[in-house]
Amino acid sequence: MTPDLAREILDLTAEHLVLVGVAMAIAVAVAIPAGILLTRRAPLQRWVIGFANVMQTVPSLALFGFLIPLPFIGGIGKHTAIVALVLYALLPVLRNTLTGILGVDPAVRESAVAMGMTGRQLLFEVELPLAARTILAGVRVATVTTIGTATIAAAIGGGGLGVFIFRGLASVDSTLILAGALPAALIALAADGGLGWVEKKFSPA
Amino acid sequence: MTPPVSFRNVSYRVGGKDILRDFSLDVAAGETIVLLGRSGSGKTTALKMVNALLRPSAGEVMVDGRPTTSWDPIRLRRRIGYVIQEAGLFPHVTVEGNVGLVPRLEGTPAAAIRTRVHALLDQVGLPPAQFAARYPRELSGGQRQRVGVARALAADPPLLLFDEPFGALDPVTRVELQRQFLELRRRLGKTAIFVTHDVREALLVATRIALLHEGRLAVLAAPADFLRARGEEARAFLACLDPQAAPP
């Protein structure tokens, strides 16, 4: 491996981590509060989960393509890639937030209310702690998927490890493909292991 | 004197079905009134109206002379202890945290809560040194129920609600906890409303038994008088005492 290639691997890995990190931060910041809100608005659940489901079924390359002509969120570059990654990451986090909170034993919820907990106390002291493990499992799945999907960001100029993969495909150079695929796989494994460890720190509901 | 709890012509209707119909009852201070009835008789519904978990469709439930609908539900609930089947303990919190919950919500200083929790655990027969740091999953059903009782007593509420508290326990543990209930009542003298479908339990713990049948009050009597009650539903429950001697 030439020093140039090594350097580029490091740069693109960093870029990849930024793409994934920003996308996951936004997805978590949107999906967890949205999931909590949905537990209080049962009629909306079908619609929102349906939308997130549809987003997941759109092939990723197509979704990146669809976003390009859109004003503000679209165009070529990192921000478009991040929008697409966020759309993919929403569903697992949203669904697990909903499942986790709705899965809290009704007897526990009832006794919390009956003891005079406010809605806020019920959420932060009972529902979220008991749902934490399920929610984290959703974050873990979304993160691992996003690390893989982010390689496609290179197709619309988003950068990241996908740059190697697309370059390798174009020049039929499997070393280049591996230079992108291997670090991406390692990041995914590390994220899976790390988040799995955090998940286990929370007591099962 | 205003009764601590008073049901005034209370009805509860859900989905076109009458769960409770024109139910009236005054609960006197210091007594244990048992709401006895089959599943679906409306007894739990009546209980849940006292701490505003449910609102009457018609009529009023008065607590200390004020309708529950005019209370701030949070304030109302914090002065009413509530014990349910399987205890409803928080699985992610220790025994000490569970019992100290309401005092903590009320902003009681930590040291005072600790003293109070330990005293309560002693009272319900769970030595704090052994049990305070445990989690609910590390307890037997009977121990969990004792914690549930301690939790309900923690903020020293004047009124206690019991919703089939011992229903899921084995017969031996059940009798132990019923004894403990009587002992605590003797010592604390609190007003209690106790829901059960077990006529033996009703006769044991009640100062008065209110028998509900299809959402209506069928019989209201002290245990001794309840044994002589005439109504069909009362006979049906009394027959459970001695199945061999069931009337033809």
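The values are calculated or read from the model by the stated rules, or taken from the named source; none is laboratory data. Just so it is clear, the model here is predicted, and its values are computed rather than measured. For neighbour counting, all protein chains shown are included, and Cβ atoms are generated from backbone atoms with ideal geometry for every residue, glycine included. Heads up: the accessible areas ignore ligands, DNA and RNA and are worked out on the full protein's heavy atoms, side chains in. Shrake-Rupley method; radii C 1.70, N 1.55, O 1.52, S 1.80 Å.
The lone criterion from (1) in a helix (DSSP H, G or I); (2) over 14 Å from the mean Cα position of the chain (by Cα) left unmet by residue A:76 is number (1).
Let's see how each residue does on (1) in contact (Cβ under 8 Å) with a residue 12 or more places away in the chain; (2) part of a strand (DSSP E or B):
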position: B:12; (1), (2): yes, yes
position: B:29; (1), (2): yes, no
position: B:33; (1), (2): yes, yes
position: B:38; (1), (2): yes, no
position: B:46; (1), (2): yes, no
position: B:59; (1), (2): yes, yes
position: B:76; (1), (2): yes, no
position: B:81; (1), (2): yes, yes
position: B:107; (1), (2): no, no
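Looking only at the range B:191-211, residues that are open to solvent by 10 Å² or more (accessible area, probe 1.4 Å) and of a type in the set (Asp, Glu) come to 1 in all.
Count of the range B:81-117 residues, restricted to those that are within 8 Å of chain A (Cβ to nearest Cβ) and either aromatic (Phe, Trp, Tyr) or closer than 18 Å to residue A:118 by Cα (or both), is 7. Counting only residues that are within 9 Å of chain A (Cβ to nearest Cβ) and more than 17 Å from the chain's Cα centre (by Cα), the range B:46-80 holds 3 of them. Given the condition open to solvent by 50 Å² or more (accessible area, probe 1.4 Å) and within 17 Å of residue A:11 (Cα to Cα), answer yes or no: does some residue in the range A:188-200 qualify? No, that holds for no residue. Here is the figure for the range B:67-85: residues that are of a type in the set (Val, Ile, Thr), open to solvent by 30 Å² or more (accessible area, probe 1.4 Å) and under 30 Å from residue B:143 (Cβ atoms) total 1.
Looking only at the range B:176-188, which residues are of a type in the set (A, V, I, L, M, F, W, C) and open to solvent by 60 Å² or more (accessible area, probe 1.4 Å)?
Listed by number, the list holds a single entry, B:188.
Listed conditions (1) touching a helix residue (DSSP H, G or I) at 6+ places or on another chain (Cβ under 6 Å); (2) open to solvent by 10 Å² or more (accessible area, probe 1.4 Å); (3) not charged (D, E, K, R) are all met by residue B:139, apart from (1). When you scan the range B:133-142, do you find a residue that is at the interface with chain A (Cβ under 10 Å from one of its Cβ atoms), closer than 29 Å to residue B:14 by Cα, out of contact with any strand residue (DSSP E or B) (no Cβ under 8 Å at 6 or more places or on another chain) and not aromatic (Phe, Trp, Tyr), even just one? No, that holds for no residue. Kindly indicate whether residue B:177 is in contact with a Phe, Trp or Tyr (Cβ under 6 Å, 6 or more places away or on another chain), touching a residue at least 12 places away in the same chain (Cβ under 8 Å) and more than 14 Å from every other protein chain (Cβ to nearest Cβ). So residue B:177 fits the description; yes. Exactly one residue out of B:115, B:173 is more than 26 Å from residue B:46 (Cβ to Cβ), assigned by TED's automatic domain parsing to the domain that holds residue B:43 and of a type in the set (S, T, N, Q): that is B:173. Return only the number of the condition from (1) open to solvent by less than 50 Å² (accessible area, probe 1.4 Å); (2) more than 13 Å from chain A (Cβ to nearest Cβ); (3) farther than 29 Å from residue B:200 by Cβ; (4) out of contact with any His (no Cβ under 6 Å at 6 or more places or on another chain) that residue B:127 does not satisfy. Here residue B:127 clears every test but (1).
Do we find that residue A:129 is surrounded by 17 or more Cβ atoms within 10 Å (Cβ to Cβ), over 30 Å from residue B:49 (Cα atoms) and not hydrophobic (A, V, I, L, M, F, W, C) in this structure?
Taking the combined requirement at face value, the residue does not satisfy it.
State yes or no: is residue B:163 open to solvent by less than 60 Å² (accessible area, probe 1.4 Å), more than 21 Å from residue A:118 (Cα to Cα) and either acidic (Asp, Glu) or within 9 Å of chain A (Cβ to nearest Cβ) (or both)? Answer is yes for this residue. In the set (1) in contact (Cβ under 8 Å) with a residue 60 or more places away in the chain; (2) within 23 Å of residue B:181 (Cα to Cα); (3) among the charged types (D, E, K, R); (4) surrounded by fewer than 22 Cβ atoms within 10 Å (Cβ to Cβ), the condition left unmet by residue B:64 is number (2).
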